[in-house]
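I have placed the structure first, in the form of structure tokens, so that the comments after it can refer back to it.
The values are calculated or read from the model by the stated rules, or taken from the named source; none is laboratory data. What you see is a predicted model; the values in this text were computed from it and never measured. As a convention, Cβ positions derive from the backbone with ideal geometry for all residues, glycine included, and neighbour counts pool all protein chains shown.
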Amino acid sequence: MICYFSGTGNSKWVAETVSSALAEPLVPMAAYYGADAPQPTFELGATEHVGFVFPIHSWGIPPLVVQFIERLQIVNNPHPAVFVIFTCGDECGYTDRQVNDLLAQKGWTSRHVYSVQMPNNYIVFPGFDVDSKALEEQKKADAKRVLPELIEAIKTDTPMTHYRRGSLPYIKSRMIYPQFCKHMMSSKSFSVTDACTSCGLCAKLCPIGTIELVNGKPTWKEDCTQCLSCIHHCPTRAIEYGKVTQKKGRYVYK
Ligand SMILES: Cc1cc2nc3c(=O)[nH]c(=O)nc-3n(C[C@H](O)[C@H](O)[C@H](O)COP(=O)(O)O)c2cc1C
Ligand code: SF4
Ligand code: SF4
């Protein structure tokens, strides 16, 4: 099973590629998010893995994914073969250590924790923007080359090293990431402009159902994973995050 979470499609593409190469089913982690959601409980086939594929958020694991991994139950295998693939725009800090600690709490380990660099979708903080078209294409081409190698390593259980830690991991993962989880899981800075055509795509694609169309315009409930699916997928660029995104680019994986 390949458990995935994705805002703008990078991790979904990785998850779908891995799922088809290993012939193992996809499980959307967002379907198990929230107080009323069912406990994720699964039985594994004899050679089946538990794979996790998701984006790096603020040099750490998105809280939705943390919650999923904590609650996940595999009823017929106490020590499944686990692999983890992060997608990142640039670097992952100590997310590998965070994931290993999280797995250890379940009595699980993983010999395969990898990162794949993909186009950046983080635009809601000053100084961060999408990549140039050339860099976007370069990253996608590099990812297409490396992903089969990672899949082969997982299939044959031959671990390889493929991880972008980057600079100052302690500050980014141990100091900034907790602040991100504490203060940023909110939709309060989103707004919609007159460019909205009431197409409903933002609401349809929000992985946790936070957006509702009221009188044809999106309104946001409080809860938000900051996946940025809504702002990037809007076909008329009608969604902004405060003022900071007015001059920023938009990106979805195609
Ligand atoms: C809230 C948020 C925080 C992010 N933080 C990081 C980061 O710390 N390091 C990084 O390399 N990329 C970061 N990114 C970029 C994404 O990890 C990257 O673009 C990823 O491939 C997006 O995957 P998706 O299309 O499946 O959502 C961040 C993106 C978001 C939305
Ligand atoms: S995706 Fe954009 S145009 Fe469509 S309803 Fe949402 S804000 Fe309006
Ligand atoms: S409101 Fe937007 S950023 Fe928040 S979870 Fe929904 S799609 Fe993602």
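Remark: GLU70 falls outside the filter, which requires a residue to be surrounded by fewer than 21 Cβ atoms within 10 Å (Cβ to Cβ), assigned to a loop (DSSP other than H, G, I, E, B) and either at pLDDT 95 or above or not assigned by TED's automatic domain parsing to the domain that holds ALA141 (or both).
Can you spot a residue in segment 185-195 that is of a type in the set (Phe, Trp, Tyr), within 24 Å of VAL252 (Cα to Cα) and assigned by TED's automatic domain parsing to the domain that holds ASN10? The answer is no, given that none of the residues of segment 185-195 is of a type in the set (Phe, Trp, Tyr), within 24 Å of VAL252 (Cα to Cα) and assigned by TED's automatic domain parsing to the domain that holds ASN10. Inspection of segment 18-39 identifies no residue that is within 12 Å of ligand 1 (Cβ to nearest atom), part of a loop (DSSP other than H, G, I, E, B), more than 10 Å from the chain's Cα centre (by Cα) and over 17 Å from LEU147 (Cα atoms).
Is at least one residue of segment 198-208 surrounded by 13 or more Cβ atoms within 10 Å (Cβ to Cβ), away from ligand 2 (no atom under 16 Å from the Cβ) and not hydrophobic (A, V, I, L, M, F, W, C)? No: zero hits. In segment 66-95, the residue that is nearest to SER110 (Cα to Cα) out of those that are out of contact with any Gly (no Cβ under 8 Å at 6 or more places or on another chain) and of a type in the set (D, E, K, R) is GLU70. Going by what's in this entry, would SER173 be described as surrounded by fewer than 16 Cβ atoms within 10 Å (Cβ to Cβ), touching a residue at least 12 places away in the same chain (Cβ under 8 Å) and either assigned to a loop (DSSP other than H, G, I, E, B) or among the small types (Gly, Ala, Ser) (or both)? So SER173 fails the test.
Output yes when any residue across segment 225-240 is more than 16 Å from ligand 2 (Cβ to nearest atom), under 30 Å from VAL50 (Cβ atoms) and within 20 Å of the chain's Cα centre (by Cα), and no when none is.
Yes, some residue in segment 225-240 is more than 16 Å from ligand 2 (Cβ to nearest atom), under 30 Å from VAL50 (Cβ atoms) and within 20 Å of the chain's Cα centre (by Cα).
Only a single criterion out of (1) in a loop (DSSP other than H, G, I, E, B); (2) within 16 Å of ligand 1 (Cβ to nearest atom) is not satisfied by THR197, namely (2). Within segment 185-194, the set of residues being crowded, with 17+ Cβ neighbours inside 10 Å and within 16 Å of ligand 1 (Cβ to nearest atom) comprises SER187, PHE190.
Considering GLU149, GLU137, the condition of being out of contact with any His (no Cβ under 6 Å at 6 or more places or on another chain) and either within 16 Å of GLY51 (Cβ to Cβ) or in a loop (DSSP other than H, G, I, E, B) (or both) is satisfied by GLU149 alone. Does GLN179 fit the bill of being more than 16 Å from ligand 3 (Cβ to nearest atom) and in a helix (DSSP H, G or I)? Yes: the conditions hold for GLN179. Pairs are defined by a Cβ separation below 8 Å, a sequence spacing of at least 6 or placement on different chains, a first member in segment 184-197 that is among the basic types (Lys, Arg), and a second member that is within 14 Å of ligand 3 (Cβ to nearest atom) and not in a loop (DSSP other than H, G, I, E, B); the pairs so defined are LYS188/TRP220.
Specify which of the listed residues (VAL130, VAL99) is assigned by TED's automatic domain parsing to the domain that holds ALA30, part of a helix (DSSP H, G or I) and either within 16 Å of ligand 1 (Cβ to nearest atom) or touching a residue at least 40 places away in the same chain (Cβ under 8 Å) (or both).
Numbers: VAL130 fails: part of a helix (DSSP H, G or I).
Of VAL130, VAL99, the one residue that is assigned by TED's automatic domain parsing to the domain that holds ALA30, part of a helix (DSSP H, G or I) and either within 16 Å of ligand 1 (Cβ to nearest atom) or touching a residue at least 40 places away in the same chain (Cβ under 8 Å) (or both) is VAL99.
Of the residues making up segment 49-59, one or more are small (Gly, Ala, Ser) and either surrounded by 20 or more Cβ atoms within 10 Å (Cβ to Cβ) or in contact with a helix residue (DSSP H, G or I) (Cβ under 6 Å, 6 or more places away or on another chain) (or both).
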